Amino acid sequence: MIKFITCAFFIVFNLKAQSNLPDVTLANLEGKKISLAKDFSEQDKLYVLSFWATWCTPCINELDEINDLQNDWKKEVNFEVLAISIDDSRTQKRVKPLTSGKEWDFTILLDSNQDLKRALSIVNIPYTIVVKNNKIVHVQNGYVPGNELELLKKLKLLI
Amino acid sequence: MKKVVCFIPFLLFYLLSFSQTNAVFSGGFESNAQWYLNDKGLKDEFNNPTAHPDEPIRSNNYLYLNYKYKNWSFGIQGESYEQNALLNMNPEYNGTNVATYFIQYKTEKIDITAGYFYEQFGSGLLLRSWEDRALGINNALRGGRLIFKPLKFITLKSVYGQQRTGYDVADSQIYGQDIEFELKELFKFQTSDLTLGFSYVGRDEKVDLSDQKFNNLTNAFAGRINFTHNSFYASTEMNYKSKDAVVQVNNQVNNRLVKPGSALLINTGYSKKGFGIDATFRRLENMSFFSERGAKGNNFNDKIMNFIPSLTKQQHYNLANIYVYQAQPSVFLADQDLVKAGEIGGQIDIFYDVKKGTALGGKNGMKIAFNASNWNALSGTFYIFNPQDYDTDFFGFGKRYYTDFSVEITKKWNNKWQSAFSYINQYYNKKMVEGTDGVIHTNILAAEATYKFTATKSLRLVGEHMWADYDKKNWACSTAEFNANSKYSIYVTDLYNYGNDLEYQRNHYYNFGGAFRKKTTRIALSYGRQRGGLVCVGGVCRNVPESSGVSLSLNTSF
């Protein structure tokens, strides 16, 4: 056990962190398959990937806040929000009416069997990453009210 | 072995990541540890205090490493359960070892994986392999998978493998084929979308019974269609599983009852800006599917091949998670009052956004969510003895398992205040769902408010109450959560079963703890009591015993 943990830490701190976005294909709400690496690769544009689920209240609060503010932010920063639902087939059918009901103006993608979540070793949601030129340039793990404003500040620094 | 766990991946990844320029290394580490303590104040139904298990310090640890070079990926996951796995986890999870590994080659047209992989066909009613660490589920397949896109609108998947159980694999072979057509691409639809899919899943498990009345190979087929036109959408999925031994008690595989299984899932909805409605119907008959027949009825979600979640709203309030419906795909013929061959029912969801600037919506708008669900057993003719058999009606509703409806209203008052209010009503037939006794009616009220002091400093208060007329009866619960800033949070919560008929069982289940998070790392420490019962994630549940103690969880990715 001790060895296992020591070993884990040794590996973690001796290697350079990953910064590339894994090339995973996800479906959108219409069932069309979207390649993350190919379809979201506009030069220098910031892509905010926010992992959420219909049963995750802080995730929904975060996306509600971003939705209210994004049009103002877009005047200053070229960015797009991808709201990636990790709902499995129990709750996935709720994604479309919920996002319409809330009038979310995001690109909604479905990580049905959590391939992308696993590839990024995400344990808890909410979890938000910012991607620029296919590289992960910022991670926000969790959400407390007000985090959305810190995210905006960060976006301004990253352009 | 421990040395191997450490050094093979280390050497491999270390050397490779420095020898290649455009190679990418990534991974993650997660540890959930618990120190179980004796608790004289926490009594069970027989008035015994809670005692810690023989090995009081336990932990589940996972280290995942991934290395990518051009079109190639290599991955490995080591797991360590020391001194043992957390309480009521699959006993097969024991010690430290390499758990999964894979090598993958991927281009736009082709994707080949050898080793352990995760896969889901359609909604997963025939095949889903996935990982859920909180539930102790990892039913990855070990073998090979080929995903091939011969044309832009066709995706073909072929899988073969043996299913993971503990650090080993199950004693059977699994075969799978899936094809999906995205017809929008083919017909150049402008405002519509149409996808079609077909699957085959085979499970070959040798059973040595004299005069065996079923084949070792069970074949299962499914067809699905998904249609969207502007704001309207509909989908359906049909599944059929060939005749097979019906296992009613764990490890009892015999010729007594040999039946096919089927599932029908229909979903439709309409959504536009500010409004969404969604309705689902599902009928299941004899649809439990395990990589080893005898595994049916095990308590650890071990060797499950398909994913049959309960289609009810996943509530986030504590008290709404005491009586949780669990899907009923299985056959169980106990006596005339307790016969099950599956389930039939549905649920409906409505989401509505009250516009800003209206009388009800105020300055910041208001969000309303409504959900209702109802699930019954299948009706039909059931023969308990000589010989055991049944004949179900296709659209017949038998005894009721579960009903609930709930309303949730969220309102942001201004930049400082936000509040939410929920009402939930449940009917839970414990006898039919769990095979024990009684029917419980509940009414649950929950209210919460969040106040923001400064940019990221906030306080959240939650109050909940449940009125229940049977079993453990009434409960009250309160929670306070303080976010000092975006790095530190602390919370305290207490569930109080004040209405219990047994005085010594009027337990407080208190918990307090804190969390720290920075970049990709999160560390949480807490002390308190765990309520015994079901812990459910995504409609799949694990039974946990009452316990008391300190827990530490740590996770990071890199």
Open item on the list: Can you tell me how many residues within the range B:74-110 are modelled with pLDDT of 95 or more and of a type in the set (Asp, Glu)?
Closed with: 1
- [ ] Identify all residues within the range B:110-125 that are closer than 30 Å to B:Arg283 by Cα and not acidic (Asp, Glu); write none if there are none.
- [x] B:Phe117, B:Tyr118, B:Gln120, B:Phe121, B:Gly122, B:Ser123, B:Gly124, B:Leu125
Task: Unmet requirement for B:Asn485, which otherwise passes all of (1) within 12 Å of another protein chain (Cβ to nearest Cβ); (2) of a type in the set (S, T, N, Q); (3) part of a strand (DSSP E or B) - done: (3)
Open item on the list: Residue under question is B:Gln314, and the condition is that it be within 14 Å of chain A (Cβ to nearest Cβ) and at pLDDT 95 or above; does it hold?
Closed with: no
Task: Selected residue (criterion: farthest from the other protein chains (Cβ to nearest Cβ)) from residues of the range B:507-528 that are crowded, with 16+ Cβ neighbours inside 10 Å and part of a loop (DSSP other than H, G, I, E, B) - done: B:Asn507
TODO: Keeping to the range B:1-56, report how many residues are within 30 Å of A:Asp23 (Cα to Cα) and modelled with pLDDT under 80.
DONE: 20
Open item on the list: All but one of (1) in contact with a Phe, Trp or Tyr (Cβ under 7 Å, 6 or more places away or on another chain); (2) among the charged types (D, E, K, R); (3) assigned to a loop (DSSP other than H, G, I, E, B) hold for B:Lys472; state the number of the condition that does not hold.
Closed with: (1)
Task: Matching residues in the range B:118-143 - criterion: being among the acidic types (Asp, Glu) and either farther than 14 Å from A:Arg118 by Cα or in contact with a helix residue (DSSP H, G or I) (Cβ under 8 Å, 6 or more places away or on another chain) (or both) - done: B:Glu131
Task: Criterion (touching a residue at least 40 places away in the same chain (Cβ under 8 Å), more than 15 Å from B:Met89 (Cβ to Cβ) and buried (at least 17 other Cβ atoms within 10 Å of the Cβ)) met by exactly one of B:Asn66, B:Asn38 - done: B:Asn66
- [ ] Please enumerate the residues belonging to the range B:326-349 that are within 11 Å of chain A (Cβ to nearest Cβ) and either under 30 Å from B:Tyr160 (Cβ atoms) or part of a loop (DSSP other than H, G, I, E, B) (or both).
- [x] B:Ala327
Task: Yes/no for A:Val77 being in contact (Cβ under 8 Å) with a residue 60 or more places away in the chain and not aromatic (Phe, Trp, Tyr) - done: yes
Task: Failed condition for A:Leu152, given (1) under 16 Å from the mean Cα position of the chain (by Cα); (2) within 8 Å of chain B (Cβ to nearest Cβ); (3) part of a helix (DSSP H, G or I) - done: (2)
Task: Filtered residue count, the range B:67-81, keeping only those that are at the interface with chain A (Cβ under 7 Å from one of its Cβ atoms) and out of contact with any helix residue (DSSP H, G or I) (no Cβ under 7 Å at 6 or more places or on another chain) - done: 0
TODO: Within the range A:22-35, work out how many residues are over 18 Å from A:Thr128 (Cα atoms) and part of a loop (DSSP other than H, G, I, E, B).
DONE: 4
- [ ] Would you confirm whether any residue within the range B:345-367 is of a type in the set (S, T, N, Q) and under 27 Å from B:Leu87 (Cβ atoms)?
- [x] no
Open item on the list: Which numbered condition in (1) of a type in the set (A, V, I, L, M, F, W, C); (2) buried (at least 18 other Cβ atoms within 10 Å of the Cβ); (3) within 7 Å of chain B (Cβ to nearest Cβ) is the only one that A:Val130 fails?
Closed with: (3)
Task: Sole residue being touching a Ser or Thr at 6+ places or on another chain (Cβ under 8 Å), within 30 Å of B:Lys430 (Cβ to Cβ) and either buried (at least 17 other Cβ atoms within 10 Å of the Cβ) or of a type in the set (D, E, K, R) (or both), chosen from B:Glu464, B:Glu503, B:Glu481 - done: B:Glu464
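Rundown of residues vs (1) in contact with a Leu (Cβ under 6 Å, 6 or more places away or on another chain); (2) at pLDDT below 95; (3) part of a strand (DSSP E or B); (4) not aliphatic (A, V, I, L, M), yes/no style:
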| position | (1), (2), (3), (4) |
| --- | --- |
| B:Leu360 | no, yes, no, no |
| B:Lys367 | no, yes, yes, yes |
| B:Ala372 | no, no, yes, no |
| B:Pro387 | no, yes, no, yes |
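Per-residue answers, yes or no, for (1) surrounded by 18 or more Cβ atoms within 10 Å (Cβ to Cβ); (2) within 10 Å of chain B (Cβ to nearest Cβ); (3) in a helix (DSSP H, G or I); (4) not charged (D, E, K, R):
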site: A:Ala37; (1), (2), (3), (4): no, no, yes, yes
site: A:Asn67; (1), (2), (3), (4): yes, no, yes, yes
site: A:Glu80; (1), (2), (3), (4): no, no, no, no
site: A:Ser112; (1), (2), (3), (4): yes, yes, no, yes
site: A:Arg118; (1), (2), (3), (4): yes, yes, yes, no
Task: Considering residues of the range A:82-110 that are more than 10 Å from every other protein chain (Cβ to nearest Cβ) and of a type in the set (Val, Ile, Thr) only, the residue farthest from A:Glu30 (Cα to Cα) - done: A:Ile84
Open item on the list: Step by step: first the residues of the range B:51-63, then only those that are in a loop (DSSP other than H, G, I, E, B) and free of Cβ contacts under 8 Å to residues at least 40 places away in the same chain, then the one that is farthest from the other protein chains (Cβ to nearest Cβ). Which residue is that?
Closed with: B:Ala51
- [ ] Give me a count of the residues in the range B:200-231 that are more than 14 Å from chain A (Cβ to nearest Cβ) and either under 30 Å from B:Arg256 (Cβ atoms) or not small (Gly, Ala, Ser) (or both).
- [x] 22
TODO: Please determine, by comparing only the residues of the range B:370-403 that are touching a helix residue (DSSP H, G or I) at 6+ places or on another chain (Cβ under 8 Å) and in contact (Cβ under 8 Å) with a residue 40 or more places away in the chain, which one is nearest to B:Gln248 (Cα to Cα).
DONE: B:Ala377
Open item on the list: Among the residues of the range B:263-297, what is the count of those that are facing another protein chain (nearest Cβ under 7 Å) and in a strand (DSSP E or B)?
Closed with: 9
Task: Scan of the range A:131-149 for residues that are assigned to a strand (DSSP E or B), touching a residue at least 24 places away in the same chain (Cβ under 8 Å), farther than 20 Å from A:Lys75 by Cβ and out of contact with any Phe, Trp or Tyr (no Cβ under 7 Å at 6 or more places or on another chain), ordered by number - done: A:Lys135, A:Ile136, A:Val137
Open item on the list: I'd like the residue in the range B:267-313 that is over 17 Å from B:Ala372 (Cα atoms), of a type in the set (D, E, K, R) and under 16 Å from the mean Cα position of the chain (by Cα) and, out of all such residues, is surrounded by the most Cβ atoms within 10 Å (Cβ to Cβ).
Closed with: B:Lys303
TODO: Could you look through the range B:167-224, keep only residues that are in a strand (DSSP E or B), of a type in the set (D, E, K, R) and without any contact (Cβ under 8 Å) to a residue 60 or more places away in the chain, and pick out the one that is farthest from B:Ile266 (Cα to Cα)?
DONE: B:Asp204
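The values are calculated or read from the model by the stated rules, or taken from the named source; none is laboratory data. Quantities reported herein were computed from a predicted structural model and do not represent experimental measurements. All Cβ positions, even for glycine, are placed from backbone atoms using ideal geometry, and neighbour counts span all protein chains on display.
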